[in-house]
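Remarks on the structure that follows.
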Amino acid sequence: MQLTWPGGNSDEPTEALIRELVPKVEHLILSAGELTYIQFAWRTLPPRGLVLEYQDGSMEQHYRGAMGPYDAETCISAMVKYLRGDPSWHTDIRVWEHLDMEKLLRDEARWRREDARAARRARPTTKRPRPSQRRRRPSPLGSDLSPQLSQVPGADPAPQASERSAAEPSWLGVLRMIRQVISALHRFVRSLPSRFGRHFGS
């Protein structure tokens, strides 16, 4: 026989050890073979008490006490008799119900998946804004003044600094040359009568 409980086991179980562990552990398994055992587990939901089960050689032969939950003394008595080889442990419980363990395992796996999906649905989600709804990250101070100015209705696009420095001197020079030529022509035209008058009069 082997006695197994959360965090421990014993290859030489005794009645005293069973009596000591039953009130303290969540579940206890007393095995006569790999697939032959008797076990109990505490119910966490009302009605409080112990659930008692046994298996006889295969998962197809798995049974649960139908009159449970049971008190601690009933489970201790059944496990101690099972340890001693006393078959009355089976008749003491009176009614056993057959359990389809494969179906129970499938159901448990399905329930776990459903619980996980429900937890995901209940979790608050933050939707990412669409590209058109995303706020523009502010640029460093002054780096985006020209684009903003060009978007103002009626405002002239602000030239780049390199364009101003390269374009303004050449245009100013051409304007100065044109003005100088025009001024020279005006002076020449105004001086024509006086020049011809001195020539013809001489």
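The values are calculated or read from the model by the stated rules, or taken from the named source; none is laboratory data. Everything quoted here is computed from the prediction, not taken from an experiment. FYI the Cβ positions are ideal-geometry reconstructions off the backbone, even for glycines, and counts take in every protein chain you see.
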Restricted to the range 20-63 and to residues being in contact with a Gly (Cβ under 6 Å, 6 or more places away or on another chain) and in a loop (DSSP other than H, G, I, E, B), the residue nearest to His90 (Cα to Cα) is Leu35
Over the range 49-63, the set of residues of a type in the set (S, T, N, Q) and surrounded by 18 or more Cβ atoms within 10 Å (Cβ to Cβ) is Gln55
Pairs returned, first residue in the range 74-86 that is in the same structural domain as Arg64 (by TED's automatic domain parsing), second residue that is of a type in the set (D, E, K, R), beta-carbon separation under 6 angstrom, 6 or more apart or interchain, are Ile76/Arg19; Val80/Glu15
Quick count over the range 64-80, residues being in a helix (DSSP H, G or I) and surrounded by fewer than 17 Cβ atoms within 10 Å (Cβ to Cβ), is 2
Considering the range 96-142, residues that are surrounded by 10 or more Cβ atoms within 10 Å (Cβ to Cβ) and assigned to a loop (DSSP other than H, G, I, E, B), and then whichever is modelled with the lowest pLDDT, we arrive at Ser139
Going through the range 28-48 in order, the residues found to be closer than 16 Å to Asp71 by Cβ and surrounded by fewer than 16 Cβ atoms within 10 Å (Cβ to Cβ) are Arg43, Pro46, Pro47, Arg48
